[in-house]
Amino acid sequence: MLKPQQEPIYLDGPVGQLETLVIAPKDGAPRGIAMIAHPNPLQGGTNTNKVVQTTARALSQHGYICYCPNLRGVGNSGGEHDYGHGEVDDAQAVVDYARAQHGDVPLVLAGFSFGSYVAAQLRQRIDAHHLIMLGAAVSPKYAMPHVPADTIVIHGEHDEVISLAQVLDWARPQSLPVVVFPGVGHFFHGKLVLLQQYVQRLVPSL
């Protein structure tokens, strides 16, 4: 796990407080907001996950203020794990809080694994400038929706949790491009620097 960049704040969520790490932009006032959702807590996923923190770091270096919540039942957040249902309400509460703090600036929704499902479901409810899905949770457990055409999907060639074939089968009917990291597994081990660099290259267009 990467070391959290600061002490968490506690936001009011639908079923209790939401422990949230806020990673400020490198310089000046935020040019946008990013909400980044963590992987499955039943498998140890929290907001300090390396992929979550790497994504936040990349976005913050280009002016986004990044909110990385522990969703319900995780860490010091209230409530109980709800298998991707109530977690969407939690993510929306974080976005609502962020917008109240920073005004009408561009919004990026992002998520890793289970968090990609939460972010994709939230994108069905609210407008956002972009959706970033890492290790997309395309499986029978989660009814992954169709997503906007400008969604950024990044997946490892050798993902051992969610196969690339599953993701392509989901993406194909949408004509949705998938960025494949060759030789990489689910957690992007050994390729986090490359992931950060790739997200940073995307940022000017976000």
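The values are calculated or read from the model by the stated rules, or taken from the named source; none is laboratory data. Not measured: the values here are computed from a predicted model. Remember, those area values only see protein heavy atoms, side chains included, never the ligands or the DNA or RNA. Shrake-Rupley method; radii C 1.70, N 1.55, O 1.52, S 1.80 Å.
So what is the accessible area of the chain per residue, in Å², with the probe set to 1.4 Å? Let's see the in-between values first.
On the way: 8840 Å² over 206 residues.
For the chain, the per-residue accessible area is 43 Å².
Is the C-alpha gyration tensor of the chain telling us rounded, prolate or oblate? Criteria: a/c under 1.5 is rounded; beyond that, a/b larger than b/c is prolate, otherwise oblate.
Values: a/c = 1.40, a/b = 1.21, b/c = 1.16.
Rounded.
Which order do you get for 77, 175 if you rank them by accessible area with a 1.4 Å probe, largest at the top?
175, 77
Could you give the distance between the Cα centres of region 147-189 and region 43-83, to the whole Å?
Taking the Cα centre of region 43-83 as reference, the centre of region 147-189 is 21 Å away.
Please compute the alpha carbon radius of gyration of region 72-126, then divide it by the globular-protein estimate 2.2 N^0.38 Å. Two decimals is fine.
Working: Rg = 11.6 Å, N = 55, 2.2 N^0.38 = 10.1 Å.
Compared with the compact-globule rule of thumb, region 72-126 sits at 1.15.
Karplus couplings for region 70-81 from phi (6.51 cos²θ - 1.76 cosθ + 1.60, θ = phi - 60°), rounded to Hz, Gly and Pro as x?
Values, residue by residue: 7, 6, 3, x, 10, x, 9, 7, x, x, 10, 3 Hz.
Can you send over the solvent-accessible area of residue 172, 1.4 Å probe, protein chains only, in Å² to the nearest 10?
Around 140 Å² of this residue is reachable by solvent.
Collect residues whose amide H, placed 1.01 Å from N in the peptide plane, falls under 5 Å from the amide H of residue 82; neighbours closer than 5 in sequence don't count.
Those lying under 5 Å, H to H, from residue 82 are 87.
Expressed as a whole percentage, what fraction of the accessible surface of region 79-206 belongs to carbon and sulfur atoms when a 1.4 Å probe is rolled over the protein heavy atoms?
Result for region 79-206: 53 percent of the exposed heavy-atom area is carbon or sulfur.
Using bins 5 angstrom wide from zero, how does P(r) for region 114-161 break down, in % of all Cα pairs?
5, 21, 34, 24, 12, 4, 1
Tabulate in residue order the Karplus-calculated ³J(HN,Hα) for region 20-30, using 6.51 cos²θ - 1.76 cosθ + 1.60 with θ = phi - 60°, rounded to whole Hz; enter x for Gly and Pro.
For region 20-30, the Karplus curve yields 9, 8, 10, 10, 6, x, 4, 9, x, 6, x Hz.
Could you list which residues have their amide H under 5 Å from that of residue 184, counting only those 5 or more apart in sequence or on another chain, with H placed in the peptide plane?
157, 158
Roughly how compact is region 1-112, stated as its Cα Rg over 2.2 N^0.38 Å to two decimals?
Output field value: 0.97.
Work out Dmax and Rg for region 94-200 from the C-alpha atoms and quote the Rg first, both in angstrom.
For region 94-200, the Cα-based Rg and Dmax read 14.0, 42 Å.
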